[in-house]
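Working notes for the structure below.
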Amino acid sequence: MLLPETRRSISHVVDLLAEVKMMAAMEHPHIVEFIGVAWDSLTNMCVVSEFMAGGDLKALLSDYEEQNHPMGFNRGKLKIALHIAHALTYMHSLDPPIIHRDLKSKNVLLNEKLDAKLTDFGTSRERVNESMTGGVGTCLWMAPEVMIGDRYDDKADMFSFGVVLSELDTHLSPYWHVKDPNDSSRQMPEPAILQMVATGKLHVKFSKETIKAVVELGNACVSLDPTTRPTASDALYKLHTILANESEKDGFVK
């Protein structure tokens with residue numbers, strides 16, 4: 001939807017229309033369904049999409065934290081991760097591939113059964129060249145190459161996916177464990193965090209309760225070198241394997 005302060009901006013109207021075009025072209029069970037567009041003028045439009053009764057993943061994890069829900073992965077959390085990986089695999093397999101560029105827990109919506117679907121394609125772009133430049137997305141989920149304005153591709157989404165895996169594990173915001181060196185009661189300022197992430201000196205943290213294979217996948221996703229990160233299909237296969245193995249030995253947290 002165009003906010004009142006942006007309705008007279010042609011660039012914002014064009015951006016919304018681009019998002020509409022992209023949403024209308026995608027059809028997948030783990031991407032929020034596009035219903036249509038409502039408007040009474042060219043500058044007063046809104047996108048209509050399916051209603052997701054479970055809210056967003058960020059809110060769910062905040063509830064888990066307040067309720068002292070156990071850290072680590074249970075079947076429900078792993079299912080959410082699987083659904084995100086399914087959506088990314090679909091997007092990255094299109095011709096040309098589509099890069100979300102703003103994957104974070106707030107942009108993962110849930111239904112009443114906690115089935116997950118990706119939303120908010122306002123910063124997504126078709127990968128028409130070998131790689132792109134231009135920093136987009138929300139900083140704490142952003143890949144280092146995007147932060148510094150370097151060339152990037154669909155592996156930028158995989159970095160963000162690794163950050164989301166850490167959120168699913170701990171229920172906390174990325175880099176929650178990093179404290180201000182001058183005041184240990186406060187979190188390190190975001191610019192300092194981003195500088196450390198961009199240079200590979202800081203990574204997201206997983207809890208000791210987390211399944212080892214999930215930690216390995218998450219750490220691979222947030223590798224400083226994009227070429228060493230798994231593809232979405234690699235991550236999807238790995239998650240299916242983890243689910244099968246842990247179900248067999250009942251290795252999930254309760």
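Only the coordinates and a few stated rules stand behind these numbers; no lab work does. Quantities reported herein were computed from a predicted structural model and do not represent experimental measurements. Positions of Cβ are backbone-derived with ideal geometry, glycine not excepted, and every protein chain shown enters the neighbour counts.
The distance separating the Cα centre of the stretch 158-182 from that of the stretch 52-107 comes to 14 Å.
With R₀ fixed at 30 Å, the C-beta to C-beta distance from Q195 to A38 puts the FRET efficiency at about 0.10. Its Cα centre serving as origin, the stretch 19-79 has a Cβ charge dipole (Lys and Arg +1, Asp and Glu -1) of approximately 280 debye. Taking the number of Cβ atoms within 10 Å of each Cβ as an exposure proxy, the fewest-first ranking of K58, K201 is K201, K58. Listed from fewest to most Cβ neighbours within 10 Å, the set W141, W176, W39 follows the order W39, W176, W141.
Counted by Cβ distance under 13 Å from L202, the other residues give a net charge of +2, where Lys and Arg count +1 and Asp and Glu count -1.
Each of I148 and D234 was given a label point 7 Å from its Cα along the Cα-to-Cβ line. The distance between the two points is 2.0 nm.
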